[in-house]
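For reference, the structure is listed below as structure tokens.
The values are calculated or read from the model by the stated rules, or taken from the named source; none is laboratory data. A quick note: this is a predicted structure, and the numbers were derived from the prediction, not measured. Glycine also receives a Cβ, built like all others from the backbone with ideal geometry; neighbour counts cover every protein chain displayed. With ligands, DNA and RNA removed, areas are computed over all heavy atoms of the protein, side chains included. Shrake-Rupley method; radii C 1.70, N 1.55, O 1.52, S 1.80 Å.
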Amino acid sequence: MTATQPPDVSTVAPRPATPSPLRRLWPGPPGTAGARGSTLLRHLILAVLAGTAVVLVTNQLAPYQNLQVARVCAFLCVTAGYTVLVGLNGQLSLGHGALMATGAYTVALVQQGFEEGAVQGRWILPLSLLLAVGVTAAAGLVIGLAAARLRGPYLAGVTLAVATLVPAITTIFTDVFNGEQGLRFPMETPPAFLGAYFQPERWLAWVALLAALLTMLLMANLVRSRFGRSLRAVRDDEVAARLAGIHVARNQVLAFVVSAACAGLGGGVYAVLTATVAPGKFALDLSLFLLMAIVIGGLGSLAGAIWGAVLLVALQDLPSLITETFTLPSGLAQRLEGNLALAVFGLILIVAMLVAPGGLQGAARTLTARLRPDRRAARR
Amino acid sequence: MLVEHHMDLVMSVCHDVVVLDFGKVIAAGTPEQVRDNPLVTEAYLGADVPAERPARRRARWPGHERRRRHPAGRGPQLRLRPGAGTAGRHAHRPRRDRHAVLGANGAGKTTLLRTLSGLLRPTGGRVLFDGADLRGVRVERLVRRGLAHVPEGRGVVAELTVDENLRLGGLWRRDRADARRAQDEVYQLFEPLARRRRHAGHQLSGGERQMLALGRALVARPRLLLLDEPSLGLAPRVTAQIMALLRQLCDSDGLTVLLVEQNVRSALSVADQGVVMSLGRVVMATPAVQLRDDATLRHAYLGF
Amino acid sequence: MENHASHRTPRTRGHRRPRAAGRASACANDEKQAAENVPGVTDTEVVIGTHQPLTGPAAAGYAKISVATKAYFDHVNSKGGVNGRKIVYKVMDDGYNPANTDNVVRKLVLDDKVFALLGGLGTPTHTNVLEFVKAQKVPDLFVSSGSRNWNQPDKYPTTFGWQPDYTVEGKILATFVKKEFAGRKVCHFGQNDDFGRDSLAGVEKVLGPVAAKQTYTPTNPQVGPAIGALKAAGCQVVISASIPGFTALAMGQAAGQGFKAQWVVSNVGADYTTLARQLGDKKVILEGLLADNYLPMANDAANPWIQEFTKIHQQYNAANPLDGNAVYGYSMAYTFVQALLAAGKDLTREKLVGAVRKGGFKGPGLTPFRYSDNVHAGYSGVRMNKVSNGVQSYFGPTWTTDDGDGEVKESTETPNAPPADAIPTT
Amino acid sequence: MDRFLFLTFDGLSTGAVYAAFALALVLIWRAARLVNFAQGAMAVATAYVGYAVVSATGSYWLGFGAAVLAGLALGALVERVLMRFVGHANPLNDVIVALGLVLLIQAVLGIVFGNEYRPAAAPFDTDALSVGGISAMSPYDLWVLGAVLAVVVLLGLLFTRTPIGLRMRASAFAPEVSRLLGVNVGRMLTVGWALAAAVGALAGMLVIPTGLGLHPHAMDLVFVIAFTAAVVGGLDSPAARWSAACWSA
């Protein structure tokens, strides 16, 4: 290393008026419009492929497994929107369980209304889900407006209050929501053209799958859109984002609304799967488990959202799995029952955070990068 | 439009340069014109420190009478061997009491100080202080060995009062009475602080904060003082006062000062030895006088 | 695969989708399942399942019910089972969370393929699976809750209650209060769900509007304000439809506020052992507590049923105390074995449901069951008991009634003696 | 009117417990800039220790002391062996680890002690004293208020009057500068966690006798209310926190 020489100013010639070099620094392929079109197309193809694959798989599955597929899909609607909010926009919400409840109760009330009016039809399901999205998005707008002024733990605190208040509301307005017992509505049945003996759980899985694919498609495009970039910009540096012409508050509210709409859809589908809603299903633990799911999956990554959704469903089966695997003396077995699974899950959470703080998706990425020899060579 | 601090870059890229100082345009024109403008030179390099000491009274290094002199009659010796720091540096052995580390933004000056005080872990090499290797010594133990570091941005704990900040500087000391004395001496040394004892750190002006940070470091009665950009954001007069004080402290006692500065002129007015860094390496170490007086050298190494 | 396809063709003609291969295998699965024998039943085994709060806030006390039920089945199995079949009782923990109930019941029915559900515990939890149980046509016997939901034969033809429902109980408690505390100001304290609501409905059928009514939410232990309101209303008798934890809390609060009223508590929340355990040193306030029950008292060592249960308990369930919860578990399991016997050797789900509808079971309970083709409710009445000197014991007559406008009358039923080994033979 | 007075008095002592618990949350928030979601579970665990000592020795006060000591130890342990190693690049990591800890602690308590409510004795009479015919506060309420007040005063003195308090505040506000000034920031963090967990343990011991009893989930609701109170009142402003705690009670 030698000393820095004073610059020879005379060699700096006036430059011709060319497009700003900053333009070239901006990441992204040339021809923005074409690029966006191809992104949409790519995602669409991917979605269709994934959808076909899952449908083929559901044809081979037993009812309970199909139900699990359906559950994963319902949770995926929620985690996809949630991970965008927390991971990409940096807003920590602990109230997504309550938003799911909003969607679920909307579906239940709408379907009950039609049942009482003796109205039937296959359009009731899409309509009730649409209303669920709408109502939850509106609820998201209200919370989002309040949240746009709050940061970090303050936002977490307000949304935590929402998470505890919403189930409480159902016990206050017992006439509408029927308190702790919740609401029931007719089970969704497969359409007649599929045959009288068509597995109902497979039909549920298809319904949930459609909702999940739709959500994932929208989210994948949103993440790569202008809006997606501004979400990240706001997360990384609010001041810089503001200087870059982004309306920070509006951006945050919009992120909340989008994420709430996804939660509403997920909650609605979740309600359809069991044809019931009850406040106990959307208690605080659900909100916390959702958060754990997206963090362990890998924050801000849609692939991580899939991991998270799978985890949420696997978690529900963990207790019975563990108690079935080990046979223990009855006194101890009674105490271990349920508790052991929770202990294991807690331990997994802690260890996962210490060992792979980037979540499963982060770990998977590291692993594939390590396995690919060309990348390794490039790093050296 | 480019807002830049780094003159090399500015000179090479821009056709028109506008120089601002405290919100006022002090020069405008081609890079050449600007470079030769004396106001710009002063703003960048800092005004010369007045030769005479502050007239009010003789500044006194707190407790210098009681301080045990270093056996060699000088401050502790600092060695930097090649390979120390992130990018590896040339060997540098300051032998005088006041060293100014100079260089452009990003040259590695702050990194050097942070490595010395253990805030950063060296990738290689050794950090010797009093003949002992400081690597592996926890940061919070270094102050007990006589090493004080005033970080960039002054490091006053804004939420604590002036008094609490000063007390914090001597909390580690077993000799509570002497810590108390040192604190009183700092108040004598920096009168503005004495008037604002109960004020919180965030209520102080920039100059007061610098005084507080410096005074707090002195409460620990260090033998080696690492100072990071003490002139940053200060009015030239305040900078001058602080530099004068530093000179006094070194002169009146065996304190060794390692001063990181962008304000080249004021730094060189204090230092015995000038160390120039660039891109993470020490590119030159020479007596300060030489750097100060030799325009060619200064031009070559500091870009002016 | 081939034969199945030939069955299928007429049904799906004209509606076929392009993915023929996938659909073919799908339908093969479905029909294979439909053609299978009765789920959960083999020549040597009958598998049944339940959902129970083994963890979570409702686990207190209630977690011991399924343990007793299982102990009873172990006992029966050791004597050769029912019609040569051993009973496998799968207990799934739902933590009293409806979301988990959904899941575990679906797992039991779809994955573990249980023959029937027995004693699923909790009103909010079990309400959630009614539609599913109906769709799957699974016998859903003896739900552990006194909600009237289980008694809807038209809507839920396979679901049956077991314990006296809360309205029946409310009517009887109110009749007792009307007689013993004539002219007093009577109030109601209840859980804010079917438990409290049905109980209040029963009470008001007999007494007319109560002077004051307050509710609590099981997730919030702050009952001070509600008790304060009852005190302010000048209540002299409080009929309480509360779970044990909240009975103790409410009575503790009342004592704390110097509110001296006579408490008359539903059997669901009046087990003395449980209450005393929770109140600790303050258990003296339980003196004089009035409650009801329909099973032998666990502390009644002279009762032949309790003697039999004690033997089973000591052999299979010694880790837990023989309290009201255990007696509940044993008695319910006993009724189930009766139903299983009545369903006959060639066991099907329809036969089991038919056997319960036929009713006529006689067991440890003090009153007859109400089961019939259009009633799916269990015990028809209760008997009052009282705590004195730390012992809860029965007094007075046994009453029966229905959940409608039927009158409350004294039961003429004579107590049954247990069969040998407490295993029913018919 | 009677009832209003009663509710006010009743709310006062409940609010005090919530405030103490919120204080524990704020202590860790200030020291480590994280919300300790495991605070409730940790408090329950220490309460189990406390009541185990009560039933072994028969002395409430020994149990009370044991719970607070256990709180100190547990807080220090959690910080030393767990939270210290969590990557702080993403603040959510702390939240997740704390939630994992909640599950673990509650499950272990369930395994060791069983998932049932255990009676928790109160050291004083919980029956309200009657003043002029109006039942006001019970001796237990007075004890709760007194204990919380004492803790707040002691903590206040600790933070403003002692060197360790100064060190803790400095390392919370400016960890790097504090290290340069010879403060062992890591140790201060441990002390902060220990203190917070001890305050949480105290709040747990005070609140559990007024609820359903000792249970692995006994503090869940308290945590939610206290957290909401702490956040609504502002994690960084003590006065607002107090009013919020009283409001939420």
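Observations, loosely collected:
- Within region B:136-179, considering residues that are of a type in the set (V, I, T) and without any contact (Cβ under 8 Å) to a residue 40 or more places away in the chain, the one most open to solvent (accessible area, probe 1.4 Å): B:V137
- Residue count for region C:50-108, restricted to those that are part of a helix (DSSP H, G or I), open to solvent by 30 Å² or more (accessible area, probe 1.4 Å) and within 11 Å of chain A (Cβ to nearest Cβ): 4
- Residues being surrounded by fewer than 17 Cβ atoms within 10 Å (Cβ to Cβ) and within 14 Å of another protein chain (Cβ to nearest Cβ) - total across region B:180-191: 1
- Helices (runs of 4 or more DSSP H) within region C:111-190 that include 3 or more residues farther than 21 Å from C:V46 by Cβ and in contact with a Leu (Cβ under 9 Å, 6 or more places away or on another chain): C:166-180
- Among the candidates C:T217, C:T247, the residue that is out of contact with any Leu (no Cβ under 8 Å at 6 or more places or on another chain) and within 13 Å of another protein chain (Cβ to nearest Cβ) is uniquely C:T217.
- Output for region D:100-116, where each listed residue is open to solvent by 10 Å² or more (accessible area, probe 1.4 Å) and outside any loop (DSSP other than H, G, I, E, B): D:L101, D:V102, D:L103, D:L104, D:I105, D:Q106, D:V108, D:L109, D:I111, D:V112, D:F113
- Here D:G165 meets each of (1) open to solvent by less than 10 Å² (accessible area, probe 1.4 Å); (2) within 14 Å of chain B (Cβ to nearest Cβ); (3) out of contact with any Phe, Trp or Tyr (no Cβ under 7 Å at 6 or more places or on another chain) with one exception, condition (3).
- Scanning region D:169-203 for residues that are out of contact with any strand residue (DSSP E or B) (no Cβ under 6 Å at 6 or more places or on another chain), within 11 Å of chain B (Cβ to nearest Cβ) and of a type in the set (A, V, I, L, M) yields a total of 8.
- Residue count for region C:80-130, restricted to those that are in contact with a Ser or Thr (Cβ under 8 Å, 6 or more places away or on another chain) and of a type in the set (V, I, T): 7
- Condition check for B:R197: more than 9 Å from every other protein chain (Cβ to nearest Cβ), surrounded by fewer than 20 Cβ atoms within 10 Å (Cβ to Cβ) and over 23 Å from the mean Cα position of the chain (by Cα): yes
- Elements of type strands (runs of 3 or more DSSP E) contained in region C:204-284, each with 3 or more residues being of a type in the set (A, V, I, L, M): C:237-241
- A single member of A:G51, A:G95, A:G144, A:G87 is more than 14 Å from every other protein chain (Cβ to nearest Cβ), under 19 Å from the mean Cα position of the chain (by Cα), buried (at least 17 other Cβ atoms within 10 Å of the Cβ) and of a type outside the set (A, V, I, L, M, F, W, C), and it is A:G144.
- Any hit, region A:173-193, residues being closer than 30 Å to A:P63 by Cα and hydroxyl-bearing (S, T, Y): yes
- The residue list A:P153, A:P190 contains one member that is in contact with a Pro (Cβ under 9 Å, 6 or more places away or on another chain) and either more than 14 Å from chain D (Cβ to nearest Cβ) or open to solvent by less than 10 Å² (accessible area, probe 1.4 Å) (or both), which is A:P190.
- Cβ pairs under 7 Å, 6+ apart, first in region C:319-331 and farther than 11 Å from C:A63 by Cβ and part of a loop (DSSP other than H, G, I, E, B), second hydroxyl-bearing (S, T, Y) and open to solvent by 10 Å² or more (accessible area, probe 1.4 Å): C:A319/A:S330; C:P321/C:T273; C:L322/C:T310; C:D323/C:T273; C:D323/C:T274
- Some residue of region C:376-393 being surrounded by 22 or more Cβ atoms within 10 Å (Cβ to Cβ) and farther than 24 Å from C:D271 by Cα: yes
- Boolean, D:T57 is of a type in the set (S, T, N, Q) and open to solvent by 40 Å² or more (accessible area, probe 1.4 Å): yes
- Hits in region C:236-251 (condition: more than 19 Å from C:A58 (Cα to Cα) and open to solvent by less than 10 Å² (accessible area, probe 1.4 Å)): C:V237, C:V238, C:I239
- For C:S145, the conditions (1) touching a Ser or Thr at 6+ places or on another chain (Cβ under 8 Å); (2) under 27 Å from A:L67 (Cα atoms) all hold with the exception of (2).
- The set of residues in region C:38-49 being part of a strand (DSSP E or B) and of a type in the set (D, E) consists of C:E45 alone.
- Subset of region B:271-302 that is charged (D, E, K, R) and open to solvent by less than 70 Å² (accessible area, probe 1.4 Å) - its residue that is modelled with the lowest pLDDT: B:R298
- Of the criteria (1) acidic (D, E); (2) open to solvent by less than 30 Å² (accessible area, probe 1.4 Å); (3) over 29 Å from C:A420 (Cα atoms), which one C:D323 fails: (3)
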